[in-house]
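Since the structure comes first, as structure tokens, the remarks are kept for the end.
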Amino acid sequence: MHNQIDLTLKPEFVQQIQNGYPLLMKEYFEDWSKLQEEGSLLHLYDKKKRFIAKGYYGLQNKGHGWILSRKEDEKIDREFFIRTIKEAFAYRKEFFDDTQTTAFRVFNGEGDGIGGLSIDYFEGYYLFTWYSIGIYTFKENILEAFKQSIDFKGIYQKKRFNSKGMYLDDKSDFVCGQEAPQPLHVKENGATFAIYLDDGAMVGVFLDQREVRKAIRDKYAKGKTVLNTFSYTGAFSVFAALGGAKSTTSVDLAKRSLPKTQEQFRINNIDLQKQNIIVEDVFLYFKYAVRKKLLFDMVVVDPPSFARSKKHTFSANKDYVKLLKEVIQITNKGGIIVASTNAANFSMMTFGRFIDKAFKDLKIKYKVLERYSLPKDFRVAKKFQEGDYLKVVFIKKLS
Ligand code: SAH
């Protein structure tokens with residue numbers, strides 16, 4: 001059983017919660033010191049003791065908990081989770097009907113009504129990601145609700161708790177059902193990805209970039225020399241090669257990126273001869289490229305929001321302009337830059353300003369060709385636009 005705590009909202013936060021804002025912060029409450037155990041069910045009232053909403057306490061970097069319901073008589077029980085899960089699956093019917101794509105998100109946190117939990121689909125297998133100890137305390141109920149509602153081959157999980165909050169009960173990522181092959185081959189718009197569900201933090205591909213990869217393959221790559229920076233397993237390079245790129249160069253600091261990228265090329269029957277895979281700090285590679293006067297027809301740049309390497313600390317918010325300037329200098333005139341960020345702490349508009357500043361500082365003209373944010377399966381809550389963290393801009397370098 002989850003203990004229940006009644007909390008009083010400060011007047012200035014009542015309306016925002018009533019209007020649909022899903023995230024809770026300690027500062028919203030008069031009596032937040034009552035919050036102790038993560039997973040507690042929270043009943044929120046205004047000062048006149050009128051019911052406003054209910055939610056749970058769970059610590060994430062984003063905040064301190066999430067709203068689950070605005071109905072006083074709605075219980076947070078097995079039936080609640082069944083309803084919520086079924087609704088999320090119904091919303092994605094078109095994805096299940098598409099035989100060319102077998103990897104997508106089926107439950108996206110607060111966008112689907114339960115902040116702190118995401119569920120991804122990989123060819124019959126499901127991956128649950130728990131973002132706080134608080135949501136993890138609901139695991140049994142949520143899993144039971146899932147099993148009652150959905151047919152599946154197997155279930156895996158990742159726990160993304162804050163540093164202290166490790167539960168030691170389950171060491172493997174495998175939860176139940178059949179174990180998936182390692183790797184599991186999934187499809188995305190007809191291409192193949194190797195996925196490792198039981199391999200620690202990341203499984204091999206970021207599903208939120210699906211539409212960007214498709215655009216690169218179908219509209220941009222043909223005949224181009226492509227540089228893919230912060231390339232991870234080379235997903236953008238694979239789509240560029242499938243779209244007829246003349247060559248691809250993938251650069252990532254992590255040693256694992258070399259075999260992982262080779263594997264993704266191989267399972268798509270792409271000739272490895274024309275693909276360069278370089279394990280190096282991107283910032284050093286830029287220096288090398290400038291020295292060698294290398295120029296590319298298309299450069300993809302998709303850095304982490306924050307990263308620390310031996311020589312560099314990179315934060316998208318502070319350093320994106322500088323990064324873009326390096327990229328612009330090694331892009332051919334008339335070439336395309338695909339500038340991407342998953343930083344939730346600035347908007348598409350601010351990102352546009354970063355892009356503008358980088359080009360203006362270099363006195364180079366450009367044209368924005370198109371913009372992408374999260375695809376439909378990464379459902380965003382109407383009143384929580386900061387949930388739409390992805391920003392990708394296709395830019396043409398003009399002069
Ligand atoms: N673009 C990738 C995802 C990038 S994830 C995709 O679409 O799949 C971020 C990657 O940046 C990680 O693989 C990490 O190893 C790499 N990285 C972080 N700092 C780096 C640096 N300074 N130089 C090169 N790679 C870096």
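The values are calculated or read from the model by the stated rules, or taken from the named source; none is laboratory data. What you see is a predicted model, and the numbers here were worked out from it, not measured in a lab. Here the Cβ is made from the backbone with ideal geometry for all residues, glycine too, and neighbour counts use every protein chain on show. Ligands, DNA and RNA are excluded from the accessible area calculation, which covers all protein heavy atoms including side chains. Shrake-Rupley method; radii C 1.70, N 1.55, O 1.52, S 1.80 Å.
General remarks:
- Which listed residue is touching a Ser or Thr at 6+ places or on another chain (Cβ under 7 Å), surrounded by fewer than 19 Cβ atoms within 10 Å (Cβ to Cβ) and of a type outside the set (Gly, Ala, Ser), from Asn268, Asn317, Asn228: Asn268
- Positions within the range 169-207 being farther than 19 Å from Phe152 by Cβ and among the polar types (S, T, N, Q), in sequence order: Asn189, Thr192
- Subset of the range 192-212 (residues that are within 11 Å of the ligand (Cβ to nearest atom) and not hydrophobic (A, V, I, L, M, F, W, C)): Gly204, Asp208, Gln209, Arg210
- Number of the exception - His64 against (1) over 22 Å from Leu197 (Cβ atoms); (2) in the same structural domain as Phe161 (by TED's automatic domain parsing): (2)
- Of all residues in the range 391-399, none satisfies being under 20 Å from Lys224 (Cα atoms) and either touching a Pro at 6+ places or on another chain (Cβ under 9 Å) or in a helix (DSSP H, G or I) (or both).
- Here Lys255 meets each of (1) touching a residue at least 12 places away in the same chain (Cβ under 8 Å); (2) within 21 Å of Ile337 (Cβ to Cβ) with one exception, condition (2).
- Single residue of the range 320-349 satisfying the filter (in a strand (DSSP E or B) and either open to solvent by 50 Å² or more (accessible area, probe 1.4 Å) or farther than 21 Å from Lys222 by Cα (or both)) that is farthest from the ligand (Cβ to nearest atom): Lys333
- Test: Lys93 is open to solvent by 40 Å² or more (accessible area, probe 1.4 Å), out of contact with any Cys (no Cβ under 9 Å at 6 or more places or on another chain), over 28 Å from Tyr45 (Cα atoms) and charged (D, E, K, R): yes
- Entirely in the range 1-66, the strands (runs of 3 or more DSSP E) that have 3 or more residues that are of a type in the set (S, T, N, Q) and touching a Lys or Arg at 6+ places or on another chain (Cβ under 8 Å): none
- Single residue of the range 353-399 satisfying the filter (among the basic types (Lys, Arg) and within 30 Å of Ile119 (Cα to Cα)) that is most open to solvent (accessible area, probe 1.4 Å): Lys382
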